[in-house]
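Trainee: Dumping the structure here so I can ask a few things about it.
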Amino acid sequence: MKSFAASLILFAIMITALTINGIYINNVTDTLKQSTLSITHNDLSPEQIETIHRYWQKNIDIISISVNFHETESITESILSMKAYANIPDSPEFQYAKSKLLETLDKISLGEKISISNIL
Amino acid sequence: MITILFRTFIIYTILVAAMRLMGKRQIGELEISDLVTTLLISEIASLPIENRDIPISFAIIPIITIVTIEVATSVVLMKFPNLKSLISTRPSTLIKNGKIDQKELRKVRISAEELISELRQQGADTMDDINYAILEQNGKITVVKNADSSPVTATDLGIKIQERGIMHILVSNGYINYHNLGTLGKDQNWLIKKISKENCTLKDIFLYMMDDSGKSFCIKKEKK
């Protein structure tokens with residue numbers, strides 16, 4: 001019975017950690033989405049993208065614990081592409097990088113939701 | 001590459017803790033679910049070690065979940081034995097009173113050749129020796145021989161032999177096994193006095209054992 005109690009406690013701790021992790025990831029992805037959506041080509045400054053980049057770098061270590069490397073790498077690449085093309089916000093490359101960033105963020109936050117498509 | 005080293009340490013520690021939590025039945029693989037659990041856990045654990053792209057949590061979460069399910073299932077089955085038939089088979093009697101049950105053999109899909117091979121490995125040379133052969137839940141075959149073919153015991157000869165019990169290791173490589181000492185109802189002072197009668201100290205001892213009748217065996221360390 002001791003091992004039963006121990007495994008239940010471990011399971012409860014894991015569920016708590018998963019819940020906190022889910023909330024954390026949703027907070028980070030929501031913040032990044034809002035910051036990215038607020039970037040318009042009429043009103044763009046390189047500091048906006050730099051802020052996004054610094055925020056992402058601050059949180060990437062913890063996000064990597066539960067998010068696949070390919071997805072975190074995709075976000076990093078998108079942000080760097082946006083930085084590179086910040087001087088030409090109308091360019092297709094900038095728009096592509098922005099769209100890719102938003103799509104990857106959606107994918108990550110969807111991964112934390114309980115749905116049939118996620119489970120299957 | 002150094003991350004692989006750390007991941008290996010972490011996952012190894014988690015695996016040992018998981019097997020410890022699941023207990024001796026997991027190592028013995030008593031049931032189908034025990035075997036499935038062991039196979040699953042080993043596969044899952046190896047993934048983040050081999051592939052750095054996979055987060056380590058992708059191994060930790062399934063392992064903890066499987067351990068919890070396994071331990072909870074074994075507790076529930078202990079409390080409600082009727083549910084056992086849902087996840088495990090019953091032992092099958094393949095030979096009863098020396099006669100092969102051909103219907104049971106077909107049911108468990110074992111051929112006569114396989115059965116005879118197993119019986120030979122159990123030391124049963126001829127069919128005349130066998131009373132029962134049972135296919136256990138863990139896949140092993142147990143053979144019960146006829147009384148005529150079984151080795152003679154002291155009871156058969158009407159001889160009274162003193163019970164020796166089992167050997168308890170009290171000192172191993174200079175270290176006292178307090179658990180076994182407690183089992184015999186003795187303490188450290190008693191042990192030190194016993195050892196001193198062997199003209200040596202604790203440090204000199206490789207192995208010191210005692211059986212339930214009080215007979216002791218002492219093996220000293222070899223000089224290097």
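The values are calculated or read from the model by the stated rules, or taken from the named source; none is laboratory data. Note that this is a predicted model, so its numbers are computed, not measured. Reconstructed Cβ throughout: ideal geometry from the backbone, glycine too, with neighbour counts over all protein chains shown. We work out accessible area using only protein heavy atoms, side chains counted, and drop any ligands, DNA or RNA first. Shrake-Rupley method; radii C 1.70, N 1.55, O 1.52, S 1.80 Å.
Trainee: Mind jotting down the distance between the C-alpha centroids of the range A:1-64 and the range B:56-81, whole Å?
Mentor: Using only Cα atoms to place each centre, the spacing works out to 28 Å.
Trainee: Per the 1.4 Å probe, what fraction of the accessible area of the range B:120-218, in percent, lies on carbon and sulfur atoms?
Mentor: Carbon and sulfur atoms account for 51 percent of the accessible area of the range B:120-218.
Trainee: Another one. Applying 1/(1 + (r/R0)^6) with R0 = 41 Å to the Cβ-Cβ distance of A:Gln95 and A:Asn27, what FRET efficiency is obtained, to the nearest 0.05?
Mentor: That gives a FRET efficiency of 0.95.
Trainee: Give me the dipole magnitude in Debye, nearest 20, for the protein assembly as shown about the Cα centre, with unit charges on the beta carbon: positive for Lys and Arg, negative for Asp and Glu.
Mentor: 1620 debye
Trainee: Could you tell me the distance between the Cα centroids of the range B:151-213 and the range A:90-117, to the nearest Å?
Mentor: 70 Å
Trainee: Magnitude of the Cβ-charge dipole of chain B, K/R +1 and D/E -1, about the Cα centre, nearest 20 debye?
Mentor: 780 debye
Trainee: Determine the per residue accessible area of the range A:47-120 with all protein chains present and a 1.4 angstrom probe, expressed in square angstrom.
Mentor: 62 Å²
Trainee: Further, regarding this structure: With all protein chains present, how much of the accessible area of the range A:9-63 (probe radius 1.4 Å) comes from carbon and sulfur, to the nearest whole percent?
Mentor: In the range A:9-63, the share of accessible area belonging to carbon and sulfur is 62 percent.
Trainee: Just the ratio, please: alpha-carbon radius of gyration of the range B:86-198 over 2.2 N^0.38 Å, N its number of residues.
Mentor: Working it through for the range B:86-198, the quotient is 1.71.
Trainee: In addition: Charges at C-beta only: +1 for Lys and Arg, -1 for Asp and Glu. How large is the resulting dipole of chain A about its Cα centre, in Debye rounded to 20?
Mentor: 480 debye
Trainee: While we're looking at this one, here's another question. Can you show me the helix-derived [θ] at 222 nm for chain B, built from DSSP H runs with n ≥ 4 at -39,500 (n - 2.57) apiece and divided by the number of residues, rounded to the nearest 500.
Mentor: Theoretical 222 nm ellipticity from helices: -14500 deg cm²/dmol.
Trainee: From other protein chains only, count the Cβ atoms within 10 Å of every residue's Cβ in B:52-61, then give the mean.
Mentor: 4
Trainee: Now for a different question. Assuming 0.36 nm per residue, please report the length gained on full extension of the stretch B:Arg164 to B:Ile10 beyond their Cα-Cα distance.
Mentor: 51.0 nm
Trainee: At 222 nm, what helix-only mean residue ellipticity would chain A give, in deg cm²/dmol to the nearest 500, using -39500 (n - 2.57) for each DSSP H run of four or more?
Mentor: Only helices count here, giving -26500 deg cm²/dmol.
Trainee: Under the definition of partner shielding as Cβ atoms of other protein chains within 10 Å of a residue Cβ, what is the mean value for peptide B:62-75?
Mentor: 4
Trainee: Enter the accessible area per residue of the range B:144-221 (Å², integer; probe 1.4 Å; all protein chains in place).
Mentor: It amounts to 72 Å² per residue over the range B:144-221.
Trainee: Another one. Pop the C-beta distance of B:Ser117 and B:Asp148 into the FRET formula with R0 = 30 Å and round what comes out to the nearest 0.05.
Mentor: 0.80
Trainee: If Rh is defined by the Kirkwood formula over all Cα pairs and Rg also comes from Cα, what ratio Rg/Rh do you get for the protein assembly as shown?
Mentor: 1.18
Trainee: Could you compute the net charge surrounding A:Glu71? Neighbours are other residues with a C-beta less than 14 Å from the C-beta of A:Glu71; K and R count +1, D and E count -1.
Mentor: Here the count lands on -4.
Trainee: Please give every one of the lysines within straight-line cross-link reach of B:Lys223, meaning a C-alpha to C-alpha distance under 17 Å, and leave out same-chain neighbours fewer than 8 residues apart.
Mentor: Of all the lysines, those that pass the test against B:Lys223 - Cα under 17 Å, at least 8 places apart if same chain - are B:Lys203.
Trainee: Right, here's the next one. Provide a whole-number value for the mean count of partner chain Cβ atoms within 10 Å of the Cβ atoms in peptide A:1-8.
Mentor: 6
Trainee: Between B:Met209, B:Val143, B:Leu35, whose Cα lies farthest towards the positive end of the dipole of the protein assembly as shown when Lys and Arg beta carbons carry +1 and Asp and Glu beta carbons carry -1, centred on the Cα centre?
Mentor: Value computed over the given set: B:Met209.
Trainee: If you don't mind, another one. What does the buried accessible surface come to for B and A, summed over both chains, with the probe at 1.4 Å? Round to 100 Å².
Mentor: It comes to approximately 1400 Å² buried between B and A.
Trainee: Another one. Which one, A:Pro46, B:Leu184, B:Ile64, projects farthest toward the positive side of the charge dipole computed for the protein assembly as shown from Cβ point charges (K/R +1, D/E -1)?
Mentor: The residue sitting most towards the positive pole is B:Leu184.
Trainee: Also, I was wondering about something else. Expressed as a fraction of 2.2 N^0.38 Å, the rule-of-thumb size for a compact globular protein of N residues, what is the C-alpha radius of gyration of chain B?
Mentor: Chain B yields a ratio of 1.46.
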